[in-house]
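The values are calculated or read from the model by the stated rules, or taken from the named source; none is laboratory data. As the structure is a computational prediction, the values presented were derived from the model and not from experiment. Here the Cβ positions follow ideal geometry from the backbone for every residue, glycine too, while neighbour counts run over all protein chains shown. Heads up: the accessible areas ignore ligands, DNA and RNA and are worked out on the full protein's heavy atoms, side chains in. Shrake-Rupley method; radii C 1.70, N 1.55, O 1.52, S 1.80 Å.
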Amino acid sequence: MTAPTKAKAVPRAELKGDLAVLKEKFGDAVQPAEYEGVVIANDVLLEAARFIRDELGYRYLSSLTAVDYIQEGYFEVVYHAYRLEGGGPLVFKARTPRDVATVPSLVSVWPGADFQEREAWDLMGIRFAGHPNLKRILLWEGFHGHPLRKDWKEPYYEEEHKPFSSRWPSGHHIRAEDRVFWHDNVQYPLDWDPDQVEDTSDELLYIGMGQFARAETGELVEPKSLRTERLVVNMGPQHPSTHGVFRMVVTLDGETIVRLEPVMGYLHRNHEKIGERNMYLQNMPYTDRLDYICSMSNNLGYAIAVEKLLGIRPPERAEYLRVIMAEFTRIVNHLWAIGFLLNDLGAFFTPALYAIEERELILDLFEEAAGSRMMCNYMRFGGVAHDVSDDWIARAKELVYNRLPRAIEELDRYLTHNELIKARCQGVGVLPPDLAVAYSTAGPVLRASGIPYDVRRAEPYSIYDRFDFDVAVRYNGDVYDRYLIRIDEMWQSLRILRQALDQIPKGEIQAGKKQYMIRVPAGQAYGRVENPKGELGFYIVSDGSPNPYRYHIRAPSFINLTALNEMCKGHKVADVVVILGSIDIVLGEVDR
Amino acid sequence: MIYGLGILKGLGVTLKHFIYSYIEDVRYLFEGGRYQPRHLPARQGPRARGVFTVQYPKEKLPLPENFRYIPFLVYDTQENKIKCTSCGICAKVCPPQCIWIVRGTDPSTGRPKPEPEAFYIDATICMSCGFCAEFCPFDAIKMDHNYELSSYERYESLLFDLPRLLKPDTYHAQIHPSDWARELAEKEAEKAKKGEKAAAHTSA
Ligand code: SF4
Ligand code: SF4
């Protein structure tokens, strides 16, 4: 954090409740952290994590991320764990000096930490001792440096923070690539030689999958010890079933999958680095581009996280508008997910187009309210951007009361009892409940495995505590249940929408004056919302300046993929396509 | 349960969609055909059945007032001047920083004057977020409705300079009727306020 925070004493977290228990158990190894949570010494971290999971009952590790405190000279890894019964997080942190940059891996306690630790290694350069597969995940192995470190600068680097001073008052246009010597968006370290570069990504991948070993000559050969008939097949990155540029490397025994490893990052743009250069408000339209099907609820998650730091709440009407938009988004997303699941099953585009028809009608409403169909940029801190007319509400009601119930009912009649769908989906890609929790899966994937965990109920945000709705849950954890749960959730969303549209009051839509350069009090906040694809979290560290010091996104699609290998084992290649479809990922969010 | 009943039921849904498209055709037959512009709202409305597609570019969906695409600068046709005062707020708030403004200077005094000397928006970078229009204190920059901007070249033709950005306020009034009405009302109120002040001044 920057200097002024030192001068003013930073408040330490009070150790109450479970934190006090933790302190009592581990004594000096547990110290109160700044603002919230505790710092746990690295040598007891694993033991403490087990204690937190088993004794204190925080079985669900929601988020794991790292912050670079460059002035203080250490990295901090931040963990947010939750109880499945609901309630707030237990925040604990681990620290490591910047030149050591190693903390124990928690994959053995929470397998869901796997991808998140790899992400922290990739982007922040923190090694996780004991991680079974610590490779880069979003970037390639030859990448120079770890971009989220505060001293790393991107090729188009201009200034530490926006707004850039070159834009005004003497803003002579210059194209970004013209500022770079190569007239291209690349940056090479001085001693870099393209002939020497070695991209070991694939090699590491294949060795990790037990397929090859390195001979003394340096070549990759099949391991001598066992002669197998195993085969490595690459699906993607260009593959119609992968919902974008996404690659799955599968080891096959005959036609059966032995192991699958997802490879991602083809759409990576380091959203978080961009976010740390931006001012707070400027991040809002960028969140639209995470899960671009659900821009409204992404906006909501970010607004809630920043409002936590600001300590403000939007006026009533704005709260209702937010809920209305977020629930419409859920319907949009689930229609899309079901339509494309059917595509993956081979029912080429007829079901998808029937589903998208309804989506278009909802997008019409979004366009009128927000100005854009997909990149809505609708929420502001302490409110929403535009009010809606009575006519808008009337049309929304027409949809919610008449059109959508009929459409969902028709989709149900069209697909649910279809014998082919049942044959392809039932018992496929099963994820048992304990694994679903251990892998930190969220949203429909978690709830289809019999865990009724929904942030709207577990830790209500906005005004969700006022509405009557049920948390949908299904128990088989297979593809079929992940399909059914989306239908169930659409019905529940309609219930919420009916109540919200009937009760919405007149009045203001923005608390206070709308500002473009807000100053957020120094602090840390984790805001999370139940996005259609699962729990979307924003971890924000503010140092009191107009730009976030750290801006991290817990992307549900990304973390849900941790369980993909587990779901696919023992199935056939054709099933992988369906299983991936049932997780419902969006690469804009996975790759960030 | 008979095996295959689910499939048959599902096919029934497809058949229904198929038949509806013809029923609708017959219905529109007596009203000049499906592709009359006046039918567009009904065909795209919440009661639409059958074929749901729009024949773009022959047909275009009407755009709501809030619709936003690359901004333009408003030219005040009554007072014959550019409304922008080159205050720089839009350049600061722009998330991808795609606005470049050269503040005007008065050649006789060398002091800044409230009119931009140059104004660029790099349309290849603009994310059409609408913040510039939202936060401009002078109603000088507005979001456009023209989304057909494809070009054969991505450098010069997509770097919008001042002449290309300027559009008359009559155009703004036409695409943003309620926003324009608000502006007029605010102007009126200000005038009335000034008049009141002046009146108070003379009476005092
Ligand atoms: S367009 Fe508006 S905000 Fe931008 S410089 Fe001109 S007056 Fe200022
Ligand atoms: S619409 Fe957004 S991105 Fe485009 S110029 Fe305005 S502020 Fe910048």
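Structure data summary
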{"read-out": "Cα-based Rg and Dmax for region B:66-185, where Dmax is the largest Cα-Cα distance (Å)", "value": "14.3, 44"}
{"read-out": "Average partner coverage of B:86-98, which counts Cβ from other chains inside 10 Å", "value": "6"}
{"read-out": "Equivalent-ellipsoid semi-axes of chain B, from the Cα gyration tensor, Å, largest first", "value": "50, 24, 16"}
{"read-out": "Residue-averaged beta-carbon neighbours from other chains (10 angstrom radius) around A:159-171", "value": "6"}
{"read-out": "Region A:269-337 and region A:523-559: distance between their alpha carbon centers, rounded to Å", "value": "10 Å"}
{"read-out": "Among A:456-462, A:101-107, the order from most to least packed when residues are scored by Cβ within 10 Å on average", "value": "A:101-107, A:456-462"}
{"read-out": "Potential lengthening between residue B:181 and residue B:49 on full extension [0.36 nm per residue; Cα-Cα distance subtracted]", "value": "43.8 nm"}
{"read-out": "Unit Cα scatterers, Debye sum, region B:61-108: log10 I(q)/I(0) for q = 0.31 Å⁻¹", "value": "-1.18"}
{"read-out": "Distance (nanometres) between label positions extended 7 Å along Cα→Cβ at residue A:234 and residue B:193", "value": "6.5 nm"}
{"read-out": "Binned Cα-Cα distances of chain A, short to long, each 10 Å bin given as a whole percent", "value": "3, 16, 27, 27, 19, 7, 1, 0"}
{"read-out": "Average beta-carbon neighbours from other chains, 10 Å sphere, peptide B:46-52", "value": "4"}
{"read-out": "Between region A:150-181 and region B:47-108, the alpha-carbon center distance in angstrom", "value": "24 Å"}
{"read-out": "By accessible area with a 1.4 Å probe, ligands and nucleic acids excluded, highest first: order of A:141, B:79, A:358", "value": "B:79, A:141, A:358"}
{"read-out": "Descending semi-axes in whole angstrom, ellipsoid equivalent of region A:341-446, from the Cα gyration tensor", "value": "33, 22, 13"}
{"read-out": "Coil-residue chymotrypsin sites (Phe, Trp or Tyr not before Pro) of region B:148-189, DSSP, other Cβ within 10 Å capped at 13", "value": "B:152, B:155"}
{"read-out": "Region B:163-204: C-alpha pair distances exceeding 14 Å, %", "value": "63 percent"}
{"read-out": "Pairwise burial A:B, computed as accessible area of each alone minus the pair, summed, 1.4 Å, Å²", "value": "4700 Å²"}
{"read-out": "Alpha carbon convex hull of region A:403-552, volume per residue in cubic angstrom", "value": "154 Å³"}
{"read-out": "Estimated inter-spin distance, residue A:573 and residue A:423, nm [label 7 Å along Cα→Cβ]", "value": "2.1 nm"}
{"read-out": "In Å², nearest 10: area of residue A:422 left accessible to a 1.4 Å probe", "value": "60 Å²"}
{"read-out": "Above-threshold pairs, the threshold being 22 Å between Cα atoms, out of B:113/B:191; A:25/A:93; A:506/B:193; A:16/A:308", "value": "B:113/B:191; A:506/B:193"}
{"read-out": "For region B:16-85, convex hull volume per residue from C-alpha positions, Å³", "value": "145 Å³"}
{"read-out": "Region A:51-185 - Debye-derived log10 I(q)/I(0), Cα point model, q = 0.16 Å⁻¹", "value": "-0.89"}
